[in-house]
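Only one structure is covered here, and it is reproduced in the block below.
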Amino acid sequence: SPHLVDIRERFAVDGELISRADFLRIFRKIYGMLDRSAQGEKGAYHPSYFEFLFFMAMVYFAERKPDFCILETGLGGRLDATNCIKKPSLCVVTEIGLDHMQYLGSSIREIAGEKAGIIKPGVPVVFVDKRKESTEVLAEYAKKTESPAIIIKKDDIFNVNINHKSIDFSLHSGYYSYVSLSLNTTALYQTENAALAVA
């Protein structure tokens, strides 16, 4: 995901950033694998910035062998580099908006169709029922791939109270009638992100 201060923020295991030495070593390893003789030739492949960093992450995680990896997509969806993972444990689709339209489509429905490309057969998918167009596309794709869909409805998030520096709210979950949550932010959209994480 995007870094704020140091590019190493993109690579963390157990809350610790990749060391500078490991970052440089793995960068050089991936860089050494590029076919620079083909640069400039028509049809030659050169990874994008995100793809290069994704390849680095895969090398790093393969070395560290974590129990689970949480990967955030770049553009997201069918053509994203992270979509090469064949059998994830879970797919999560955050709010779908009109971003990256030059790559993903000119409508919410088209963009949702591209984002749905991360859904793998039989793998559960979690998303918020935010817009009818995106919900229909994601639910249809999940049904087609026989993927259990965990859909957070608008009324699953309730009793929202924005305080000076936090938000308190309640959430209906699949395990309890509701849970009470508190976030250290006043950004209202984070209630939906928290609900996705809980689900």
Residue ID - nearest to residue 16 (Cα to Cα), chosen from residues in the range 61-90 that are assigned to a loop (DSSP other than H, G, I, E, B) and aliphatic (A, V, I, L, M): 70
Number of the exception - residue 61 against (1) more than 19 Å from residue 6 (Cα to Cα); (2) surrounded by fewer than 17 Cβ atoms within 10 Å (Cβ to Cβ): (1)
Which one of these is within 25 Å of residue 54 (Cβ to Cβ) and of a type in the set (A, V, I, L, M, F, W, C): 162, 96, 150, 157? 96
Just for the range 168-181: of the residues that are part of a strand (DSSP E or B) and under 23 Å from the mean Cα position of the chain (by Cα), which one is nearest to residue 196 (Cα to Cα)? 171
Cβ-Cβ under 6 Å, sequence separation 6+ or interchain: first residue in the range 48-75 and of a type in the set (A, V, I, L, M, F, W, C), partner open to solvent by less than 60 Å² (accessible area, probe 1.4 Å) and part of a loop (DSSP other than H, G, I, E, B). Which pairs? 50/74; 57/11
It is to be established whether one or more residues within the range 144-152 are touching a His at 6+ places or on another chain (Cβ under 9 Å), modelled with pLDDT of 90 or more and open to solvent by less than 80 Å² (accessible area, probe 1.4 Å). yes
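Matching residues to (1) closer than 22 Å to residue 22 by Cβ; (2) in a loop (DSSP other than H, G, I, E, B); (3) out of contact with any helix residue (DSSP H, G or I) (no Cβ under 7 Å at 6 or more places or on another chain):
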| site | (1), (2), (3) |
| --- | --- |
| 46 | no, yes, yes |
| 59 | yes, no, no |
| 114 | no, no, no |
| 117 | no, no, no |
| 122 | no, yes, yes |
Take residue 171 and decide whether it is closer than 27 Å to residue 89 by Cβ, free of Cβ contacts under 8 Å to residues at least 40 places away in the same chain and surrounded by 13 or more Cβ atoms within 10 Å (Cβ to Cβ). yes
Report yes if some residue within the range 19-33 is modelled with pLDDT of 95 or more, touching a Lys or Arg at 6+ places or on another chain (Cβ under 9 Å) and exposed (fewer than 14 other Cβ atoms within 10 Å of the Cβ); otherwise report no. yes
If the requirement is being of a type in the set (Asp, Glu) and within 26 Å of residue 31 (Cα to Cα), which of these qualifies: 72, 114? 72
Using the structure shown, decide if residue 127 is open to solvent by less than 70 Å² (accessible area, probe 1.4 Å), touching a Ser or Thr at 6+ places or on another chain (Cβ under 9 Å) and either of a type in the set (A, V, I, L, M, F, W, C) or farther than 22 Å from residue 197 by Cα (or both). yes
Of all residues in the range 91-111 being in a helix (DSSP H, G or I) and open to solvent by 60 Å² or more (accessible area, probe 1.4 Å), the one that is nearest to residue 128 (Cα to Cα): 109
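The values are calculated or read from the model by the stated rules, or taken from the named source; none is laboratory data. The structure presented is a predicted model; accordingly, all values stated were derived computationally and were not measured. Here Cβ is always computed from backbone atoms with ideal geometry, including for glycine, and neighbour counts include all displayed protein chains. In case anyone asks, the SASA skips ligands and DNA or RNA and just uses the protein heavy atoms, side chains included. Shrake-Rupley method; radii C 1.70, N 1.55, O 1.52, S 1.80 Å.
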